[in-house]
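Here is the structure we will look at, set down as structure tokens.
The values are calculated or read from the model by the stated rules, or taken from the named source; none is laboratory data. None of these values were measured; they are calculated from a predicted model. Here the Cβ positions follow ideal geometry from the backbone for every residue, glycine too, while neighbour counts run over all protein chains shown. All accessible areas refer to the heavy atoms of the entire protein, side chains included, with ligands and DNA or RNA removed. Shrake-Rupley method; radii C 1.70, N 1.55, O 1.52, S 1.80 Å.
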Amino acid sequence: MFGLGLEFSLRKLLQVGPTAGLIAVAETSAMVWFGYLAGQALGWTPIESIYAGAIIAISSTTIIVKAFAEHGIKGKIADIVFGVLIMEDLIAILLLAILTTISAGADLSTGSLAVTAGKLAIFLAGLVGVGLLIIPRLVRFIVGLNRPETTLVASVGICFAAALLASAFGYSVALGAFIAGSLVAESGEERIIELVAPVRDIFVAIFFVAVGMLINPTLIAERWVEVVVFGLIVITGKVLAISVSAFFTGYSVRTSVQTGMSLAQIGEFSFIIAAVGLQTGATRDFLYPVAITVSAITTLTTPWLIRASGRAASHVDRHLPGPLQTFVALYGTWLQSLRSAPNHGGGRYRPRRLIRLLLLDALVLAGLIIGVSLEAGRVSAMLSRVSGISDEVARYVVIAGAIVVAVPLIVGMTRIARFLGLTLALRALPAAPEGKIDLALAPRRVLVVTIQLGIVLLVGIPLLAVTQPFVPPLRSAGVLIVVLGLLGVGFWRSAMNLQGHARAGAELIVAALAQQMAKPANPADASGDGTNGLERVHQLLPGLGEPKVVRLGAESHAVDRTLAQLDLRGLTGAAVLAITRSGEPVIVPTGREVLRAGDMLALAGTDDAVAAATKLLE
């Protein structure tokens, strides 16, 4: 844990950016929820189910670093994966602190939960705040002595001191060790990583040997159902949750699927979380070997999943319905426009204000659900004494009152999500001036619904994960499913309208290209590739990005091959809106379309996607 902290710093957290954080929050929340539901279905206690969800929520940094090094994976995929891993490590530290506190506590109540959260916040703030003032300066002074053995001993001493301090306050030693490593990393002395590496490797070896010694084959044979269930949940759940959340944050289908399949395993943090449950007596002895076995299985499947991720991404892309294929190709361009749009004072304030209101409603709803669950008996008894009604009737009155308060909160969150989606969509695809036809209406509608869907998922799934232990299984999930179902219907209708918008744009593109081909000597377009005509198409039908034309030469390897064989959209994320060839235009071509020498292809997508597609075709 100290070694992981050394490779993490507060500066690195700022560099990771919000994208990896959103993916990590959505994915870990979904896995905690899946794990809890699976534990309850298997008849485990609520606290064991919570531990099960936490165990399967965190991917393995050690395994992925090794796998990526062996496969030579670098670039965007590696940056996204390691960014998500950093955020998952932070979430794991938070889970460790919370689970340690809950396991050592007695009864659960709203007051005790608030006190627990307050104590945790004070401890972390004190340790990090005081540590930032002392540790980096102390480390730089020791390194300045130019004595490697002194630096090593001092670094290990800081590790054990912070671990001992965390243990004294009732938290996991892993929490203290990780924070100590991150504080030492703030000194900026990267040579410490090399000095500590041999010591770290010794502890890693001891750790995994100790893990192996705790595997009981007899117990695993008895619990093989749990091993299979949680193994399938880890692989399928992580691939699905990470792929969907990565796509909503703006990555292509290929990048999203590859990221999800790279992170489909559990590792060192899962062992530590399971060990905390075993040591505190919160879980029975079977959960630890089950976690280890699931980790071993997913460790074996990780290299295979990484190798197969490219083919799987192409398969997913090819089998998307037509409207979704068009949406996937254009969604990235809208987010690109959103990121590059100017931030004016009022427009910048409004999204932040809506986000604050959304988070406030979510916190109030979570507090309401947890408070009613924990205090319903006490409140109903008080109501019964005051009003004279029976305890059962009083309990129904309390629950009905909670529902009356919760429904407006849920409706309000959905409406705020729509307002936020509309605000962001108008920034990416501005509305037409008053009195003129709004030609960006179709793409803006689908963008609004998409952002709304993403916000509901990002807020709803963590809300489910937090409140699930306090409500009957699947009841709160039913509300989320209904909301997502309604939004899904609206999304599909908008995607169908977008398909018509894209077809109209493709027809305009073909007309523009035909006009340019008929006048190749036009000085306004000396290249003869229809660039100026496409700019006019962009003005007439916004939302199609900035289409670019590529002419296929006779030497191109794309000649005499179908679009499906090229897998152009799957490999690059760019879509072919239209093909012009000797007076035989092809509007929104299918994967069966065979390319010929001299074809002019109109490509749509983000700048990176179009550049990659151009390189592939040329």
* Given (1) in a helix (DSSP H, G or I); (2) in contact (Cβ under 8 Å) with a residue 60 or more places away in the chain, number of the condition residue 482 does not satisfy -> (2)
* **Members of the range 414-436 found to be outside any helix (DSSP H, G or I) and open to solvent by less than 70 Å² (accessible area, probe 1.4 Å), listed by number** => 429, 431, 432
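Taking helices (runs of 4 or more DSSP H) that do not extend beyond the range 154-238, which have at least 2 residues that are among the aromatic types (Phe, Trp, Tyr) and either at negative phi or crowded, with 19+ Cβ neighbours inside 10 Å (or both)? Walk me through how you get there before you give the answer.
Working: elements: 173-185, 191-213, 217-222, 224-232.
The helices (runs of 4 or more DSSP H) meeting that bar are 191-213, 224-232.
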* Just to be sure, is residue 588 closer than 19 Å to residue 510 by Cα, in contact (Cβ under 8 Å) with a residue 24 or more places away in the chain and buried (at least 22 other Cβ atoms within 10 Å of the Cβ)? -> no
* Asked: Which condition number in (1) open to solvent by less than 20 Å² (accessible area, probe 1.4 Å); (2) over 22 Å from the mean Cα position of the chain (by Cα) is the one that residue 327 fails?
  -> (2)
* Hey, any hits in the range 8-31 for a residue that's open to solvent by 40 Å² or more (accessible area, probe 1.4 Å), hydrophobic (A, V, I, L, M, F, W, C) and modelled with pLDDT of 85 or more? -> yes
* **Scan of the range 49-90 for residues that are touching a residue at least 12 places away in the same chain (Cβ under 8 Å), open to solvent by 10 Å² or more (accessible area, probe 1.4 Å) and more than 17 Å from residue 259 (Cβ to Cβ), ordered by number** => 50, 62, 70, 90
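Per-residue answers, yes or no, for (1) part of a strand (DSSP E or B); (2) closer than 21 Å to residue 323 by Cβ:
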{"position": "577", "(1), (2)": "yes, yes"}
{"position": "589", "(1), (2)": "no, yes"}
{"position": "592", "(1), (2)": "no, yes"}
{"position": "596", "(1), (2)": "no, no"}
{"position": "609", "(1), (2)": "no, yes"}
{"position": "614", "(1), (2)": "no, no"}
* Asked: What is the number of the single condition among (1) open to solvent by 10 Å² or more (accessible area, probe 1.4 Å); (2) touching a Ser or Thr at 6+ places or on another chain (Cβ under 7 Å); (3) in a helix (DSSP H, G or I); (4) at pLDDT below 90 that residue 126 does not meet?
  -> (2)
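I'm trying to understand the selection: among the residues of the range 253-268, which are open to solvent by less than 40 Å² (accessible area, probe 1.4 Å), at pLDDT 85 or above and either outside any helix (DSSP H, G or I) or out of contact with any Leu (no Cβ under 6 Å at 6 or more places or on another chain) (or both)? If you could, list the steps in order and put the result at the bottom.
So in the range 253-268, the residues open to solvent by less than 40 Å² (accessible area, probe 1.4 Å) come out as 253, 255-268.
Of the ones still in play, those that are also at pLDDT 85 or above are 253, 255-266.
Of everything in the range 253-268, those that are open to solvent by less than 40 Å² (accessible area, probe 1.4 Å), at pLDDT 85 or above and either outside any helix (DSSP H, G or I) or out of contact with any Leu (no Cβ under 6 Å at 6 or more places or on another chain) (or both) turn out to be 253, 255, 256, 257, 258, 259, 260, 262, 263, 264, 265, 266.
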* Asked: Looking at this structure, is residue 439 in contact (Cβ under 8 Å) with a residue 60 or more places away in the chain, more than 16 Å from residue 358 (Cβ to Cβ), part of a loop (DSSP other than H, G, I, E, B) and in contact with a Leu (Cβ under 9 Å, 6 or more places away or on another chain)?
  -> yes
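Quick check, is residue 445 within 28 Å of residue 241 (Cα to Cα), assigned to a helix (DSSP H, G or I) and free of Cβ contacts under 8 Å to residues at least 40 places away in the same chain? Walk me through it before giving the result.
On the way: within 28 Å of residue 241 (Cα to Cα): yes; assigned to a helix (DSSP H, G or I): yes; free of Cβ contacts under 8 Å to residues at least 40 places away in the same chain: no.
So residue 445 does not fit the description; no.
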* Would a scan of the range 76-89 turn up a residue that is touching a helix residue (DSSP H, G or I) at 6+ places or on another chain (Cβ under 8 Å), assigned to a loop (DSSP other than H, G, I, E, B) and either of a type in the set (Val, Ile, Thr) or at pLDDT below 90 (or both)? -> no
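Among the candidates 481, 461, single out the residue that is surrounded by fewer than 22 Cβ atoms within 10 Å (Cβ to Cβ) and of a type in the set (A, V, I, L, M, F, W, C).
On the way: 461 fails: surrounded by fewer than 22 Cβ atoms within 10 Å (Cβ to Cβ).
Sole residue among the options that is surrounded by fewer than 22 Cβ atoms within 10 Å (Cβ to Cβ) and of a type in the set (A, V, I, L, M, F, W, C): 481.
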* To do: State which residue pairs qualify: first residue under 10 Å from residue 93 (Cβ atoms) and in contact (Cβ under 8 Å) with a residue 60 or more places away in the chain and inside the range 166-186, second residue open to solvent by less than 10 Å² (accessible area, probe 1.4 Å) and assigned to a loop (DSSP other than H, G, I, E, B) in any location, beta carbons under 6 Å apart, and separation of 6 or more residues or different chains.
  => none
* Asked: If residue 325 satisfies every condition in (1) in contact (Cβ under 8 Å) with a residue 12 or more places away in the chain; (2) farther than 30 Å from residue 570 by Cβ; (3) of a type in the set (S, T, N, Q) but one, which is the exception?
  -> (2)
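Is it fair to say residue 411 is closer than 27 Å to residue 244 by Cα and loosely packed, with under 14 Cβ neighbours inside 10 Å? First the steps, then the outcome.
Numbers: closer than 27 Å to residue 244 by Cα: yes; loosely packed, with under 14 Cβ neighbours inside 10 Å: yes.
Criteria met by residue 411.
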* Can you name every residue in the range 557-585 that is open to solvent by less than 50 Å² (accessible area, probe 1.4 Å) and over 38 Å from the mean Cα position of the chain (by Cα)? -> 559, 580, 581
* To do: Out of 286, 271, 248, report the one residue that is of a type in the set (Phe, Trp, Tyr), touching a residue at least 12 places away in the same chain (Cβ under 8 Å) and open to solvent by 20 Å² or more (accessible area, probe 1.4 Å).
  => 248
